1. Could you order the peptides 191-198, 245-252 from most to least packed, using the average number of other C-beta atoms within 10 Å per residue?
2. How high is the relative contact order of the stretch 333-482, in percent, counting Cα pairs under 8 Å that sit 6 or more residues apart?
3. Which lysines does residue 479 reach when only Cα atoms under 21 Å apart count, and residues fewer than 8 places away in its own chain are ignored?
4. Looking at the stretch 204-291, which trypsin sites (Lys or Arg not before Pro) are DSSP coil and have at most 11 other C-beta atoms within 10 Å of their C-beta?
5. Find how much the distance from residue 347 to residue 195 grows on full extension, using 0.36 nm per residue of separation minus their present alpha carbon separation; answer in nm with one decimal.
6. Rg(Cα) of the stretch 6-49 divided by 2.2 N^0.38 Å?
7. Take residue 397, project a point 7 Å from its Cα along the Cβ direction, then tell me which residues of the stretch 446-482 have their backbone nitrogen under 12 Å from it.
8. With all protein chains present, how much of the accessible area of the stretch 8-133 (probe radius 1.4 Å) comes from carbon and sulfur, to the nearest whole percent?
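The values are calculated or read from the model by the stated rules, or taken from the named source; none is laboratory data. Note that this is a predicted model, so its numbers are computed, not measured. Cβ placement follows ideal geometry from the backbone for every residue including glycine, while neighbour counts extend to all protein chains displayed. To get the accessible areas, we keep the full protein, side chains included, count just its heavy atoms, and leave off ligands, DNA and RNA. Shrake-Rupley method; radii C 1.70, N 1.55, O 1.52, S 1.80 Å.
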Amino acid sequence: MPDLEVIIGLEVHAQMNTKTKMFCNCDNDAFNKQPNTTVCPVCMGHPGTLPVANEQAVEKAIAASVALGCTISEHNHFDRKHYFYPDLPSGFQISQYDFPLAQHGQVEYDLPTGSDGKTSTSKVCRIHRLHMENDAGKLTHEGNKTLCDYNRAGTPLMEIVTEPDLRNSDEAVAFAEELRRIVVAVNSSEADMFKGMMRFDASISLREKGTEKLNPRSEIKNLNSFKALKNALQYEEKRLRKLWEETNGPMTGDITVGWQDDEGKTRLLRSKETADDYRYFPEPDIPPLHVPAEKVEAVRASLPPLPRALKQKYVDLKLTAAEANMLVDLPKLSALYDAVHAKTGDAKKASGLILTQLMGFLNAHHKTLDDLPGEADILELVDNMENGIISGSAGKQVLEEMLLTGKTAPEIIKEKGLMQVSDDGAIEELVKRAMEANADSVAAYRGGKQAALGAIVGWIMKESKGSANPKKVNEVLVKMLG
Ligand code: ZN
Ligand code: MN
């Protein structure tokens, strides 16, 4: 058996989060709406209707293209891609064939190398092309009936095709996750996997190490999660390796398979000797699309920092890669983190409060990011800790209460009597009593044993049930021990 190399390329469909559909004015948000209520004659493919390209969709596709490092074509047009399926009422999809919006990009992504997620290697996957098209409707099979919902028909899609640069399922997933972060960051797509807003087709083939030629590939259709992407690629790689062993070489033609998530297997859908013939021809109802360079530059100038740059910012603050990724993936959380960091000037303190404590409570109490306390409320808590009004451990308790009850930090501090004793008189009184109760330690300290101080401070903290401000206690104690 020769040493084999795995070659993987992805085709990604991402729904754009526009107000209206790709070629008509129908509402593009069909979530929780009755079937077939966000439709019109255009997206239902009625004869004689005229599609009009959605400018907002074009702008969002340009933003994604720029973020993926692509070159954007000034001259574009749309093409009809013909096929028959009940989810496609017009009998053709309006797509882009020989003049895609953008080409030749690349995405840098991090491949985790350690099991702890703390180390990673930087990799690159080239982008072959990005084009715009419309989504089809959704079919639901119930027994021997099929229900058709055309709400999704006409939703603007970006199809992003990579070069075959990925070498295993881990790389494919790490790349796909970075791609998702990018399209979300530039607000081109919500890319919510649960709602099917981002879907993958993965092509996989094998070749002998050291050879350059691409062998016929197996294309796995419609993978709806990162987990399905990983499992399907691992399964298909194993299957192709076995096949190679049995037939002493690669497959003789391309095949298309479907991933059966419940069975954990792929199933042959069709074998194709040659490329499918969709009888593409230029869409006669939509004029060619001109994208001037100034427009591209305007979009480029308006883009927010990309996820990798953002991640680097957090890594530079000495956060772990896993913490940095969490912040990049959750903009709500990173806004809180940034606010606490700005206030305290202490990156570690901010990560302790936001990433360790707050996220810990969120998970422990099965809350979501929508339940997070507001930024102003969190900063008020931080104020109370920074000013020594409450201790760090009381702060943790207050944070949990804030999450559970929605009350503000001052309310909880008052209710629970968590205020630290910082009052000079009260502290002096405590110190005096401590010195009487710990005469041995006082003598030891005065005899030169610095460590004896700890025992006295410990006594005071115990006596005050943790409410004495430790900094104050130390100051007063050292002064009184003179
Ligand atoms: Zn419509
Ligand atoms: Mn497509």
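1. Numbers: 191-198: 16.5, 245-252: 12.4.
Ranking, from highest mean packing down: 191-198, 245-252.
2. Numbers: 129 pairs, mean separation 28.2, N = 150.
RCO, the stretch 333-482: 19 percent.
3. Hits, sequence-local ones excluded: 432, 449, 462, 471.
4. Values: sites: 207, 209, 213, 217, 221, 227, 230, 238, 239, 241, 242, 265, 267, 270, 272, 279; in loops: 209, 213, 217, 279.
Passing both the DSSP loop test and the Cβ count: 209, 213, 279.
5. On the way: separation 152, 0.36 × 152 = 54.72 nm, distance 3.50 nm.
Roughly 51.2 nm would be gained on extension.
6. Numbers: Rg = 14.8 Å, N = 44, 2.2 N^0.38 = 9.3 Å.
Its radius of gyration relative to the 2.2 N^0.38 Å reference: 1.60.
7. So the set is 465-468.
8. Working: 3020 of 5840 Å².
Carbon and sulfur together cover 52 percent of it.
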